[in-house]
Amino acid sequence: MKSTGTHDKSVGKLVASVLLADWRKQLFELERGRVDDESVLRLVDGTPELGVVGGYVSLAHAAVLSGMDEQVLVRASAVGKLSLHCRLSRSIGRGFLVNVADLELDDPESGRSGGLVIPAMSANTAAITNHGGQVLRVVESPEIASAIQAQGLDEVEILALEAPGRPAMWFCPESSLRVLVSALEVSSAEVEALRIALAAKVSAERVDRARNALTARRGEEGAATGKWAQKCFSEALAVEFH
């Protein structure tokens, strides 16, 4: 399920058809082998690293571990299936807390979709805190992911993160954070759930083709030729040192 972002029925049908076509294209590419064999097997077989409870990995690393392209992960975030997070270093963890309910609308006519005004740190000295070394959830992850997808962004500027254990509060860094999209982090457990769901759509025939292709490729790469091709390593050493 995904919002078309419009109340106009005719426009909504057009947007929905594009979204549906994109999803079908992903399944077609996966089924027909246009996703490389190693990625298919990573998607189907999984990896223990994604089963770590409470763990976080960058989008780039999540793509490698899961066999899913980064753009697939961004799309999943845009529909609310994958939350985006930011890891704060020890040196940039200082900031302040604000109550979301107290924030003013940037554009009252647009409501929340028009954005919220983040106050200056000087106005919130009583709420100064430090979250250095922690991984915090990016506020309104689906909206951020949608912008990344729509505009093809390689980098985002983060003004606020969710305060740990305080759902009504946002943590605003002392200075805005510029983060590469590939360096944004995601929950390994959420990626694993997504991997399992997508892996279930891969046919047994496609998996067999991938395994057979890799087995054949590795056999070709490991096949030696020449006089010593079928000799043991110990035999080769004996000849070398006599």
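Some notes on this structure:
- Relative protection proxy for 69-78, 153-162, from highest mean packing down: 69-78, 153-162 (other beta-carbon atoms within 10 angstrom).
- Cβ-based net charge around Gly93, under 14 Å, with every Lys or Arg adding one and every Asp or Glu removing one: +2
- This model, with +1 at the C-beta of Lys and Arg and -1 at the C-beta of Asp and Glu, gives the range 144-217 a dipole about its Cα centre of some 500 debye.
- A simple spin-label model places the labels of Ile92 and Ala183 0.6 nm from each other, with each point 7 Å out along Cα-to-Cβ.
- Sites Ser3 and Asp208 - FRET efficiency at Förster radius 51 Å, r taken between beta-carbons, to 0.05: 0.85
Taken together, the values in this text are just the output of simple stated rules run on the coordinates, not laboratory data. The model shown is predicted, which means the values in this text are computed figures rather than measured ones. Methodologically, a virtual Cβ is constructed for each residue, glycine included, from the backbone with ideal geometry; neighbour enumeration extends over all protein chains shown.
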